[in-house]
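Have a look at the structure below, then the notes.
The values are calculated or read from the model by the stated rules, or taken from the named source; none is laboratory data. This structure is a prediction, so every number in the text was calculated from the model and none was measured. Please note: Cβ atoms are built from the backbone with ideal geometry, for glycine as well, and neighbour counts cover all protein chains shown. We work out accessible area using only protein heavy atoms, side chains counted, and drop any ligands, DNA or RNA first. Shrake-Rupley method; radii C 1.70, N 1.55, O 1.52, S 1.80 Å.
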Amino acid sequence: KNFSERMKLLIKQYFTEQSVEINAAVFNSGADYLSDNTDYNAVFLDIDMPNMGGFEIAEQLSEDTLIVFVTTHDELVYSSLKFRPFRFIRKTYLDEELPEALEEINKETAKRNASSKFVIQTKSGEALLNVSNIKYIEIYTHSIRVYTVSGEILECYGSLAVMERQLNDFDFVRTHKSYLVNCRYIFSIEKNKIILDDKTEVPLSRYKADAVKSKFKNHLRSMI
């Protein structure tokens, strides 16, 4: 409890210095947090907690929530990747790593507020999507298919090259001449394909493999 209250104080101090008003709360159990109806932008989760650990809570969070794992267990970092954490903070390095995480959260929130919507032209008219809800985009025959987190597939008009330029700042990468993938949903990169977190397989061109690996590596670095 002392550690949590200290972290809350440091968080509030940081945002006060940035002239940003926030609502910060401490929950001493996973059940208490999940029973709260507040829509938090970011959640700091201890991986190792009694009754309900950080991974169990992460499974129940929305796709838009920025998850920051706070832990002493460095060996669990790889296991946590399937939850698409935004950052990691080691408890013994709280003073050094928390300000860096808060700075990135501040930037990400500002970016989302400024340009988190993506307009596509479908057969029935314009559709507005949250960029974070797009898993990948595919050229299919003479149209483009946008695959979303909810499982919905939207057929639209346009150029994949134009979409690539528009989504580049949001960590989308061209894996193949016909595919554009959101790095946050990549689980692994194989010899000639990308495996997404839901086991979907997307083709990987050997000409684009190095660029894809570099982009994904940079994406992972931004979370650590």
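What to note about this one:
- Met52-Phe187 pseudo-label distance in nm [points 7 Å out on the Cα-to-Cβ vector]: 2.5
- Gap separating the Cα centres of the range 1-38 and the range 112-185, nearest whole Å: 34
- Considering all C-alpha pairs of the chain, those separated by over 21 Å amount to 59%.
- Note on Lys177: lysines with a C-alpha under 30 Å away, same-chain residues under 8 apart excluded, are Lys82, Lys111, Lys117, Lys123, Lys135, Lys191, Lys193, Lys199, Lys208, Lys213, Lys215, Lys217.
- Calculated FRET efficiency for the pair Ala24/Ser178, C-beta based, R₀ 25 Å, to 0.05: 0.05
- 3J(HN,Hα) couplings calculated from phi for the range 129-142 with the Karplus curve 6.51 cos²θ - 1.76 cosθ + 1.60 (θ = phi - 60°) are, in sequence order, 10, 6, 4, 5, 8, 8, 8, 7, 10, 9, 7, 10, 6, 10 Hz; Gly and Pro show x.
- Dipole magnitude for the range 169-221: computed about the Cα centre from +1 point charges on Lys and Arg Cβ and -1 point charges on Asp and Glu Cβ, it is near 240 debye.
- Heavy-atom accessible area order for Leu9, Leu34, Leu102, largest first, 1.4 Å probe: Leu9, Leu34, Leu102
- All-pairs alpha carbon distance profile, the range 118-224, 5 Å steps from 0, percent: 2, 12, 25, 27, 19, 10, 3, 1, 0
- Choice from Pro85, Pro203, Pro50 with maximal GNM fluctuation in the chain (Cα, 10 Å cutoff): Pro50
- About the Cα centre, charge dipole magnitude for the chain (Lys/Arg +1, Asp/Glu -1 at Cβ), debye: 1020
- Cα Rg, Dmax, the range 1-63, angstrom units: 12.5, 37
- Loop-located GluC sites (Glu not before Pro) in the range 133-224 whose Cβ has at most 14 other Cβ within 10 Å (DSSP): Glu152, Glu190
- Ranking Asp197, Asp210 from most to least accessible surface, computed with a 1.4 Å probe over the protein chains only, gives Asp210, Asp197.
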